[in-house]
Every structure is written in structure tokens, then in C-alpha cells.
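Enquirer: What follows is a single structure, and I will ask about it in a moment.
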Amino acid sequence: MLKTRYEIGSIPLSEYPRPQMRRESYLCLNGEWSFAKCKREENPAALSLLIKVPFSPETESSGIGNGFVLGDDEKLVYEREFEIDEGIMRDVTLLHFGAVDQEASVWINGERVGAHRGGYTPFCFDISKAVRLGTNRIHVEVTDTTEGSFGARGKQSSRRGGIWYTKQSGIWQTVWIECVPRDYIRELKITPDAQRKTVKLFSDCESAQTVCVFDGERQILSADFSDRQVELSYDFELWSPEHPKLYDFVIKTESGDQIHSYFGVRSFGIGKDGQGIPRLLLNGKPYFLNGVLDQGYWPEGLLTYPCDGAIRDELQMLKDMGFNFIRKHIKIEPLRWYYHCDRLGLVVWQDFVNGGGDYQFTHVAAFPFLGFHHKDNDYRYFAREDEKGREEFIQSVHETVSTLFNCPSIGGWVPFNEGWGQFDSAAITRLTQELDSTRVIDSVSGWHDQGEGKTLLRSLHTYYTPLKVPKDSRPVVLSEFGGYSMRVSGHVFCEDKEFGYKKFRSEEKLVAALRKLYLEKLKPLIAKGLCACVYTQVSDVEEEINGLVTYDRQVIKVPISEMRSINDEITEAASQIE
């Protein structure tokens with residue numbers, strides 16, 4: 001079993017999980033829970049196993065692993081005790097789950113407090129009527145049918161291999177409690193305006209509210225809310241990858257609630273350069289996004305990273321390599337991951353997590369590779385006949401945008417990837433724009449493009465054919481390319497299986513091939529209208545070994561200085577766009 005160099009503590013991932021809405025009352029429920037698996041209609045006689053939350057039972061980090069599989073007719077059962085003392089107890093007690101795959105039902109002290117469906121988005125229950133001072137017991141039951149549910153599953157598969165990875169289930173992000181006054185801030189929405197250098201705050205609380213804004217340790221302004229809203233005007237420095245400026249602020253309510261947060265002032269958009277070529281814009285000016293595809297898988301924890309230090313190191317490495325952009329692929333990370341992108345200056349395009357029925361290779365890959373793009377109102381063709389599955393996807397769009405709206409680094413949304421579960425993309429694009437008009441939308445990343453006037457970008461995945469910029473009225477982005485692989489013996493998931501788009505056997509040959517790919521093939525396309533590129537990928541994942549680093553993060557296959565040298569030339573070429 002591959003292992004990273006990172007240690008997992010007795011209470012893993014115990015940092016406050018929501019950096020833009022931090023409160024003092026925080027009780028982390030990560031750590032050791034009692035655990036069992038049984039048939040759905042049964043109740044286990046005893047929870048005889050111990051599991052380390054928030055790691056899925058299929059993972060080594062959970063303490064279970066060893067080939068654990070949850071059947072479609074089975075459920076997971078979790079229990080633990082926790083203490084609520086007078087120092088934390090207030091009028092309202094909130095129980096938060098970062099993510100549970102796939103459907104969760106929760107009880108506190110024997111009273112059912114709620115349920116949630118959808119394996120990638122956070123949810124919260126008001127448990128005030130069930131919780132009490134002293135010792136309490138939480139009971140969680142989880143079911144997960146992966147392919148059979150038509151719901152979000154990402155790249156999890158019961159038939160793992162190639163670009164499809166080991167499926168997992170259960171609690172896989174932080175579980176935590178906070179206590180608040182009866183009238184508390186239920187929602188915070190931050191909307192910056194880079195052109196006017198203002199920030200609008202919406203804070204959903206009936207009580208009078210005041211905000212104080214800080215530049216470092218120095219308070220630079222304070223203001224009172226009017227009807228839950230306030231507009232902050234100041235000569236704010238603009239956020240960008242080159243200058244990731246963040247401002248801290250604190251909101252206090254008359255009812256006694258208080259939250260700590262931050263914002264960055266920037267804008268993302270679409271426009272034309274001085275030559276009339278469609279471009280992506282950052283803060284009103286043409287900006288080339290040079291990035292990587294990031295799947296966020298780890299050998300001991302699958303979708304759950306081992307510790308906060310692991311993601312800090314990985315994102316800093318990408319920054320040191322000269323990238324300014326990440327496409328977060330078919331996964332929603334914990335909010336701390338986005339916080340580190342915010343502070344480091346890495347623009348993120350966030351994929352929505354796909355669902356639907358089985359994906360037929362000829363439909364989603366072979367035909368579009370040959371240039372045939374199918375209309376996506378044909379639900380049968382795209383394995384999207386199940387109406388409840390489509391409704392669940394639409395609900396996840398609302399939840400995803402709401403969860404990540406405040407993150408300065410989020411620059412774009414990616415509803416569909418390579419036809420997986422694709423349907424009604426023009427309508428989904430309009431819905432996403434209604435929810436958030438401040439970001440770019442890459443509606444159908446890769447193929448099954450519905451044509452000009454339907455979506456906002458022309459999005460290409462190019463692995464085997466020459467790179468090019470087709471004529472289009474929309475900005476053209478290379479949303480996947482590269483995928484060059486190199487096996488590092490002793491640091492691979494499987495010694496006799498490997499997947500990659502072009503294979504190399506030495507660091508020298510891999511680096512030389514990357515220099516040719518970027519500087520001879522990609523660089524000339526920037527002047528012709530290429531607006532963004534996404535190299536596949538950050539790390540190896542199981543049998544897929546086309547990462548810049550190995551799956552265990554022990555070996556950087558492309559030296560940081562070499563990748564930086566390549567990217568510096570791309571940055572220089574992009575700087576000529578006006």
C-alpha cells in the first residue's frame with residue numbers, strides 16, 4: 001500500500017472547516033467512532049468496529065480498509081458520544097457535515113434530526129431540541145449505491161481501472177458542532193465589484209449588525225448593515241494570482257453572534273482584446289489561465305486528504321511551478337482547500353459532480369473524437385432518462401454554487417465533462433448564470449458542444465491530435481491536454497498496470513517532451529486566440545500515472561525549476577495580449 005509522508009493525528013483535519021464563516025464555538029467530531037455494516041432493513045446488535053472519521057471505510061486511513069465493500073443492499077452505521085458543556089451551549093446548536101457519500105440519516109439521543117442526499121456537498125441540521133448539556137450520542141446511517149442511484153458519483157466506479165477509481169462511501173469530510181444565539185447569521189454572501197472597487201455583503205440575520213474590515217492588523221473601515229446588507233467602499237487592492245490580496249473582516253450582531261471572514265476584490269469575465277479576439281478577462285483585462293487538472297485523490301484516504309499540510313504543500317508546489325490556475329475535476333473539496341487557493345493566488349474552475357446511468361464509450365468519447373456532437377436533450381443517448389437523477393443534479397448545482405460563491409479564487413463553473421451525464425446544457429448554463437453572474441461557465445468541457453449561442457466557451461480536450469484554435473465567436477480554451485506519463489517504480493499503485501496518453505521512461509525525456517509540447521505547440525496558439533490551458537494532471541491516481549508527482553506525493557517527476565522555466569515562457573507570451 002502506498003503511503004504519503006504525512007501523519008494523521010488522533011483528531012484528523014481538526015482545523016476550523018469553514019474559513020469564511022468562523023465562530024469561536026467549535027466542537028470537532030472527527031476521530032474515533034463506533035462502526036458497523038449491515039443489511040439496510042436490519043439494525044446491528046453491536047457496533048463492533050472502530051473507524052477514524054472523516055475517512056471512508058474503504059480507505060486505509062479509516063482503520064478499516066482491507067477490501068471493504070458496501071453492497072447496494074447494505075448500510076453503514078456510525079455512533080459516538082460527545083460532550084456539550086455550559087461554556088459552549090447557547091440557544092441553538094448546529095450539526096454540520098462537510099460531505100457524506102451518498103445518503104445520510106442522523107439521530108441525536110435517539111431523535112431523528114434530518115437526512116441529506118448527495119455525496120459531495122455540505123449540509124447542516126438544527127439539533128437544539130435533541131441535544132442536552134453533558135453527554136450526547138450521535139447515530140448516523142449511510143447508504144451508497146454508486147452507479148445504481150443516478151446521483152453524483154464522480155470518478156468512483158465499482159469497475160475500477162484506467163480513468164475510473166476505487167469507489168468509497170460514508171462520511172468523508174469533517175463533522176462538527178457550533179452553538180449560536182437564537183437570532184444568528186444563517187447565510188453570508190460576499191459580492192465584490194472590481195470596477196467600482198466595492199464589496200457588497202449580505203448577512204442573513206434579523207438583529208442589527210456591524211462589520212469591521214482589516215488590512216492585516218490595521219482596521220481600515222467599519223459600517224452598519226441596513227436591511228441585512230452593506231456596501232463597502234474603499235481603495236481596495238485587486239486580487240490576482242500575481243497579487244492575491246485578501247482583507248479580513250468581522251461581523252458582530254446585536255443578538256451576540258460574531259463571525260470572522262475575508263474577501264478578495266476581483267472580477268472574471270469574457271471580452272475581446274485589441275485585435276478583436278475573444279478572451280477571458282481578469283479584472284477587466286485579457287488574462288491567460290495556465291493550469292493543471294486536479295482530481296484530489298490520495299492513496300490512504302481516496303477523496304480525503306491526510307492533513308491540512310498536505311494540501312498546503314501541494315498547492316504551493318503548483319504555485320512555485322508557475323501555474324496560476326487549477327481545474328478541480330469531478331470533486332468538491334473541503335472549504336479549506338479553496339482558502340489556500342485564495343491566499344496563494346490560484347484561480348479555480350470548479351467542476352460540478354456528474355451522475356446519470358452508464359456512460360457508453362462510443363457515445364461520450366469515440367463519436368465526439370471523430371467530430372460528431374450530439375444534441376443533449378436526447379436523455380437516452382446520454383443515459384439521463386431518470387428524472388429524479390436530473391432533478392438531483394440541478395439541486396447539486398444550487399448547493400455547489402451556494403457553497404463556493406464567496407471564494408475569491410473561484411473563476412469558473414464546469415457543469416459537464418466529456419458528455420458524462422450531460423443534459424440540457426444550455427438550460428443548465430442559464431441556471432448557473434442566474435445563480436452566479438460573476439463567473440465564467442465552461443458548459444460542456446471537452447465535447448458534445450451545442451454550438452455558438454448556446455454556451456459561453458469553446459472547450460477542447462486534446463490528447464492525440466494536433467493542438468489548434470478553431471474559429472469561433474467564443475473564447476477557446478484547452479480544458480485538458482498532455483497527460484504524459486512516467487512510471488516511478490515503488491511509487492505506483494499497480495506495478496503491472498498503467499494508464500497514460502504518452503509514455504516516457506526517464507525524467508529527462510519527460511521534461512524534453514513537455515518543453516516541446518508547451519513551447520513549440522501551445523505557445524504559438526496564445527496569439528491566435530487560445531485563452532486557457534489545463535495540463536493533465538497534478539498527481540498520479542491509482543493506475544493513471546500521468547501526474548507531475550507520484551500518487552504518494554513522494555516523488556516530483558517534473559522538477560519544480562524545469563516546470564517553472566517552461567511556464568515563465570508561457571507567461572511572457574501571454575503578457576503580449578492587449
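Every read-out reported here was derived from the displayed coordinates using simple, explicitly stated rules and does not represent laboratory data. These numbers were taken from a predicted model, which means no experiment stands behind them. Ideal geometry is used to build each Cβ from the backbone, glycine not excepted, and the neighbour counts take in all protein chains shown.
Enquirer: Relative to the present Cα-Cα distance, how much length would full extension add between residue 88 and residue 465 at 0.36 nm per residue of separation?
Expert: So the extension gain works out to 129.7 nm.
Enquirer: List every residue whose amide H lies under 5 Å from the amide H of residue 151, counting only residues 5 or more places away in sequence or on a different chain, with H placed 1.01 Å from N in the peptide plane.
Expert: 356
Enquirer: For residue 72 and residue 386, what does the FRET efficiency come to when R0 = 22 Å and r is the distance between their Cβ atoms, rounded to the nearest 0.05?
Expert: Once rounded, the FRET efficiency stands at 0.90.
Enquirer: Would you please classify the overall shape of the stretch 134-273 from the alpha carbon gyration tensor, given that a ≥ b ≥ c denote the square roots of the eigenvalues, rounded means a/c under 1.5, and beyond that prolate means a/b larger than b/c while oblate covers the rest?
Expert: Oblate is the answer for the stretch 134-273, as a/c is 1.5 or above yet b/c matches or exceeds a/b.
Enquirer: Tell me, what ³J(HN,Hα) does each residue in the stretch 510-525 have, in order and in whole Hz, if you take phi through Karplus 6.51 cos²θ - 1.76 cosθ + 1.60 with θ = phi - 60° and put x for Gly and Pro?
Expert: 5, 5, 4, 5, 5, 4, 5, 4, 6, 8, 9, 9, 8, 3, x, 6
Enquirer: Checking the a/c ratio against 1.5 first, then a/b against b/c, what shape does the Cα gyration tensor give for the stretch 268-574?
Expert: Rounded is the answer for the stretch 268-574, as its axis ratio a/c remains below 1.5.
Enquirer: Of 94, 106, 317, which is farthest on the positive side of the dipole of the chain, counting Cα position, with +1 on Lys and Arg Cβ, -1 on Asp and Glu Cβ, and the Cα centre as origin?
Expert: 317
Enquirer: Which percent, to the nearest 5, of DSSP beta bridges fully inside the stretch 268-574 are antiparallel?
Expert: Approximately 20 percent, going by the DSSP bridge assignments.
Enquirer: What ³J(HN,Hα) values, in whole Hz, does the Karplus curve 6.51 cos²θ - 1.76 cosθ + 1.60 give for the stretch 551-561 when θ = phi - 60°, with x put for Gly and Pro?
Expert: Couplings: 4, 7, 6, 8, 10, 8, 6, 10, x, 4, 5 Hz.
Enquirer: A further question follows. In nm, to one decimal, how far is the modelled label at residue 395 from the one at residue 260, with both set 7 Å along Cα→Cβ?
Expert: In this crude label model, residue 395 to residue 260 measures out at 3.5 nm.
Enquirer: Could you give the distance between the Cα centres of the stretch 1-70 and the stretch 464-528, to the whole Å?
Expert: Here the answer is 36 Å between Cα centres.
Enquirer: Among 280, 223, 236, pick out the residue whose Cα is farthest towards the positive end of the charge dipole of the chain, where Lys and Arg carry +1 and Asp and Glu carry -1 on C-beta, about the Cα centre.
Expert: My answer, from the dipole projection, is 280.
Enquirer: Using amide H atoms built in the peptide plane, which far-off residues or other-chain residues are under 5 Å from residue 262 H to H?
Expert: 249
Enquirer: Right, next: Only loop residues by DSSP count here, and only those with at most 11 other Cβ atoms within 10 Å; note down the GluC sites (Glu not before Pro) in the stretch 202-274 that meet that.
Expert: Hits after loop and neighbour filter: 217, 242.
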